[in-house]
Amino acid sequence: MTRVAGYTGRFAPSPSGPLHFGSLLAALASYLDARANDGTWLVRMEDIDTPRCIKGADSDILHTLEKYGLEWDGDVLYQSHQHERYQDTLNTLLNKQQAYYCTCTRKMIKNAGGVYPGTCRDASRSPENAATRAKIVTHHNQVSDRVQGDIVIDDPHALEDPVIKRRDGLFAYNLVVVMDDAFQNVTHIVRGSDLLTTTATQQSLYALLGYPLPTYAHIPVASVTPGRKLSKQNHAAPLSLTNIAQTLTTAMSLLGLPVSQAPQDGNSQSLLSWAVAEWDVNFVPKRSEIIVDRYQSTYYSDPQVIAE
Ligand code: GLU
Ligand code: ZN
């Protein structure tokens, strides 16, 4: 495999609960892609949406990654510690009239057809009770994805002026993910295909902020039924800490690795070394989701719990 010089990748979980099999796929794919390129692999805690964060979930996630042998480089960056930097950039955008205050309510946008029509763009609203939106003049909704190929995101939301700070004072995911990936010199983003539509907005923000674009690879998400990805909401179990090698093997096989040739000694470290040597992003199925067996113990702790 041809290696990319200066590769930096990352895994960016939100500490809203323990890692589950779906999160493992994203963590593993980004880890393998980084290590196969002799790259740096970072972990960043996306704890910006504080009401959704669960106390202790960050250390639980880090402990699980360690147990799985997914060792990261350097310190973990916490978004909750970066507010000043976010606000500085927001102020710069406001000063350059590349951002503006918006007082539209959800209801007003719904009544306008569900897509924000740019109502407050040139209205000089005051900051009171307002969200801040970035003024996007040129939308970058074409993505050259290493897994999904060249695609155009045709979701009309991808062409809105995105909220970058919410009315409730929280910085928006699309802003901070772009700012932090640039701040941490991330060159390669490997994550679940559920984030593909946000990529258009993020690319537009990269351009607005003058940051160099990273390369994207959106891997299929693990779903229980079409359109229903494994998530906390549909009772995905925390990753098993006892069947680590087996769970890793299942994840590797879904990522297209020839696991029948993998070492069978039950050692996750030798399994990971094998996978790093074998990794080829071209093996990853070019699909948005993979249906996984909902009753398999690696995905759910107790099938009874999720029987509907
Ligand atoms: N924090 C996001 C999530 O957990 C992932 C962000 C990203 O990989 O860009 O869904
Ligand atoms: Zn508005």
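The values are calculated or read from the model by the stated rules, or taken from the named source; none is laboratory data. Nothing here was measured: the structure is a model prediction, and the numbers come from that model. Glycine gets a Cβ as well: all are built from the backbone with ideal geometry, and neighbour counts include every protein chain shown.
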_Can you name every one of the strands (runs of 3 or more DSSP E) wholly within region 141-235 that holds 3 or more residues which are within 13 Å of ligand 1 (Cβ to nearest atom) and under 24 Å from S288 (Cβ atoms)?_
188-192, 215-219
_Condition broken by K110, with the remaining ones in (1) in contact with a Cys (Cβ under 6 Å, 6 or more places away or on another chain); (2) surrounded by fewer than 14 Cβ atoms within 10 Å (Cβ to Cβ); (3) not hydrophobic (A, V, I, L, M, F, W, C) satisfied_ = (1)
*Within region 106-115, is there a residue that is in a helix (DSSP H, G or I), within 27 Å of the chain's Cα centre (by Cα) and touching a residue at least 24 places away in the same chain (Cβ under 8 Å)?*
no
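Conditions tested, residue by residue: (1) closer than 23 Å to N174 by Cα; (2) buried (at least 16 other Cβ atoms within 10 Å of the Cβ); (3) modelled with pLDDT under 95.
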{"residue": "A27", "(1), (2), (3)": "yes, yes, no"}
{"residue": "S30", "(1), (2), (3)": "yes, yes, no"}
{"residue": "I48", "(1), (2), (3)": "yes, yes, yes"}
{"residue": "C53", "(1), (2), (3)": "yes, yes, yes"}
{"residue": "L65", "(1), (2), (3)": "no, yes, no"}
{"residue": "R106", "(1), (2), (3)": "yes, no, yes"}
{"residue": "E128", "(1), (2), (3)": "yes, no, no"}
{"residue": "T138", "(1), (2), (3)": "yes, no, yes"}
*Restricting the search to region 118-136, which residues are without any contact (Cβ under 8 Å) to a residue 24 or more places away in the chain and in contact with a helix residue (DSSP H, G or I) (Cβ under 8 Å, 6 or more places away or on another chain)?*
T119
